[in-house]
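Everything on this sheet refers to the single structure shown next.
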Amino acid sequence: MRHHRHAAALAVCLSAIVPAHAKLGKKANAPDLPAAEGPAFLGSYKDWSAYSRGSGDTKVCYALSAPKTEAPDNVKRDPAYFLINDWPGHHARGETEIVPGYRYQEASTVTVEIGGEKFVFFAKNDATSGSAWVLNPADDVKLLKAMRAGSTATVTGTSRRGTKTTDTYGLSGVSDAIARIHDACGL
């Protein structure tokens, strides 16, 4: 499945950004890294930031946002992100992904709700972290449309320990961030 082959590449992309965001405890501006060592900052768009990394078949462009609220707020976990990814070498445009900051409960699903519309994601864990990808790839187009029209996205998932989490992401600026990554990756 297309999502599985991208997970490792995305982990490399996030590794340079997550520390900067984690230190600030909120959306960060461009990381102060040379282009060869990390992603290129493409811009900040209210609740969202855009980045690119790599070249040729390995190029990836992505928009990301940190949650405005996390519940419960007493749960220890790594930073959480909502991402939108473009992978020109794989002809993939606008793939959505959730990084919750923990490993998901096995065989669980994650829901994203925007203005009454619900989208189902499947959870996938690696050795130390989890991610979720839209269950039906055709729903990515519908989800992006809802994100452009909405004001918040509420993400609900369950950790491997059984803790239900609810993260709320602001959608202000998402349209501009998506346009920027599509432009940067030529999609």
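With r as the distance between the Cβ atoms of THR168 and THR109 and R0 = 22 Å, compute the FRET efficiency 1/(1 + (r/R0)^6) and round to 0.05. Kindly include the intermediate steps, with their values, before the conclusion.
Details: r = 18 Å, r/R0 = 0.84.
With R0 = 22 Å, the Cβ-Cβ based efficiency is 0.75.
Expressed in nm to one decimal, what extension gain is obtained for the pair ASP78 and HIS91 from 0.36 nm per residue of sequence separation less their Cα-Cα distance?
Working: separation 13, 0.36 × 13 = 4.68 nm, distance 3.04 nm.
The ASP78-HIS91 span can extend by a further 1.6 nm.
Counting only other residues whose beta carbon sits under 11 Å from that of ILE98, what net charge do I get with K and R as +1, D and E as -1? Intermediate results must be reported in sequence, preceding the final value.
Values: positive: LYS124; negative: GLU97, ASP167.
Computed value for this residue: -1.
So between THR156 and LYS118, what do we pick up on full extension, going 0.36 nm a residue minus the alpha carbon distance? Walk me through the numbers on the way to the answer.
On the way: separation 38, 0.36 × 38 = 13.68 nm, distance 1.06 nm.
Result for the pair: 12.6 nm of gain on full extension.
Which of the peptides 69-80, 45-56 is most tightly packed, and how do the rest follow, going by the mean number of other Cβ atoms within 10 Å of each residue?
Details: 69-80: 13.1, 45-56: 19.5.
Sorting 69-80, 45-56 by mean packing, highest first, produces 45-56, 69-80.
Bear in mind that the values in this text are calculations on the coordinates, not laboratory data. Every value quoted in this text rests on a predicted model; they were computed, and no experiment measured them. Cβ coordinates were reconstructed from backbone atoms using ideal geometry, including for glycine residues, and neighbour counts include every protein chain displayed.
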